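Have a look at the structure below before the remarks.
The values are calculated or read from the model by the stated rules, or taken from the named source; none is laboratory data. Owing to the predicted nature of the structure, the values given are computational and were not obtained by experimental measurement. Please note: Cβ atoms are built from the backbone with ideal geometry, for glycine as well, and neighbour counts cover all protein chains shown. Keep in mind that these areas ignore ligands, DNA and RNA; they rest on the heavy atoms of the full protein, side chains included. Shrake-Rupley method; radii C 1.70, N 1.55, O 1.52, S 1.80 Å.
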Amino acid sequence: MASTIFTGCIPALMTPCKADRTPDFDLLVKKGKELIAAGMSAVVYCGSMGDWPLLTDEQRQEGVQRLAEAGVPVIVGTGAINTKSAVSHAAHAAKVGAKGLMVIPRVLSRGSSVSAQKAHFSAILEAANGLPAVIYNSPYYGFATRADLFFDLRSRYSNLIGFKEFGGKQDMTYAAENITAGDDDLTLMVGVDTGVYHGFVNCGAGGAITGIGNALPKEVLHLVALCEKAAKGDAAARAEARELEEALTVLSTYDEGPDLVLHYKYLMVLNGDTEYTLHFNETDELSASQRRHLESQYTLFQNWYASRYSA
């Protein structure tokens, strides 16, 4: 695997809100810097974690520019309903000094059409002006990028250097076997928090894009480091990585659901990051039962981790 921005552990930043429910870019940059200082290799903005469907194109690009100007290595999500907007995000990312692109399929209009997605991806990669990019594969976007399309695009755009897989273990295995394993210049990114061990150890992943890592950066970096060792055959790291991933299971599984941003913002609030209390839509909130469940599982994990790794 070639050395690129798509290595290590990369949190997908959430967008904090001001009291009027507009983006707080000062606090976005502050959190980005904190996570890089904690050991993250880069950040993603705006993927689904960043609430991209709820922000204007101008707001999204302001967030990207602010992060880049602050020296935070940022990978930009290109999610959009139409190709024109996606191309604008790619071109803007290249212009302001972003480090990479997460190429997201066209949604809603002709989303299941291979020819439409090929044209969509091509336009984004062309506008990227050589910026390293990975295709983001997710069942939530309603389109599965397969090897034939990936390599068709790769033959024309050398900046397409990998694949981020948000599907389950079967999808990740497909991506490894049919796309990334055959070329050392390609990388597989684990795209779901429940698949870190499988991705690194069984699929040869080179990095992980994380949601829960926003709230538990130390613990998630610990898990990734163990998985990297396990992928090289370290028997002790293999057992320890599986133990740690199992302990994180409930919290990590929130990443697979429609309320992932609500869950992980609430985890941030429990950490003391009160700027994540609000959501852009006033009606977007966890139920009392969801909050209690998250609180109990968070406390359980913290107690387990302290017990397991006490000095």
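Based on protein heavy atoms only, the chain ends up with 41 Å² per residue of surface accessible to a 1.4 Å probe.
Specify whether the C-alpha gyration tensor of the stretch 1-92 places it in the rounded, prolate or oblate class, a ≥ b ≥ c being the square roots of the eigenvalues: rounded for a/c under 1.5, otherwise prolate if a/b is larger than b/c and oblate if not.
Because a/c hits 1.5 or more and a/b fails to exceed b/c, the stretch 1-92 counts as oblate.
Applying a DSSP loop filter and a limit of 12 other Cβ atoms within 10 Å to the trypsin sites (Lys or Arg not before Pro) in the stretch 224-267 leaves K232.
Here the simple spin-label model places points 7 Å from the Cα toward Cβ, and for N202 and F280 these points are separated by 3.5 nm. Only lysines eight or more places from K30 in sequence, or on another chain, were considered; those with a Cα closer than 19 Å are K18, K99, K218, K265. The share of accessible area on the stretch 9-68 that comes from carbon and sulfur is 49 percent, using a 1.4 angstrom probe.
Computing the accessible area with a 1.4 Å probe over protein heavy atoms, can you report the carbon and sulfur percentage for the stretch 165-262?
Roughly 48 percent, rounded to a whole number.
Amide H contacts for V190 (H built 1.01 Å from N in the peptide plane; partners 5 or more residues away or on another chain; cut-off under 5 Å): G206, G207, A208, I209. Under the criterion of Cα pairs below 8 Å and six or more residues apart, the relative contact order for the stretch 130-203 equals 31 percent. The phi torsions of the stretch 9-19, fed into the Karplus equation with coefficients 6.51, -1.76 and 1.60 and a -60° offset, translate into couplings of 10, 10, x, 8, 5, 8, 9, x, 10, 7, 4 Hz, rounded to whole numbers, with Gly and Pro shown as x. Mean separation of Cα pairs under 8 Å and 6 or more residues apart, divided by the residue count, gives the stretch 127-172 a relative contact order of 50 percent.
Shown here for the stretch 209-311: GluC sites (Glu not before Pro) in loop regions (DSSP other than H, G, I, E, B) with at most 16 other Cβ atoms within 10 Å, namely E282, E285.
Taken as Cα centroids, the stretch 113-147 and the stretch 6-51 sit 23 Å apart, rounded to the nearest whole angstrom. Where in the stretch 120-183 are there trypsin sites (Lys or Arg not before Pro) that are in a DSSP coil and have at most 15 other Cβ atoms within 10 angstrom of their Cβ? Loop-located and lightly packed - R146. Just check the chain against the gyration tensor rule for me: Cα atoms, a ≥ b ≥ c as the square roots of the eigenvalues, rounded for a/c under 1.5, and otherwise prolate or oblate depending on whether a/b exceeds b/c. Here the chain falls in the oblate category.
A Förster distance of 45 Å, applied to the separation of the beta-carbon atoms of A239 and L54, puts the FRET efficiency at 0.60.
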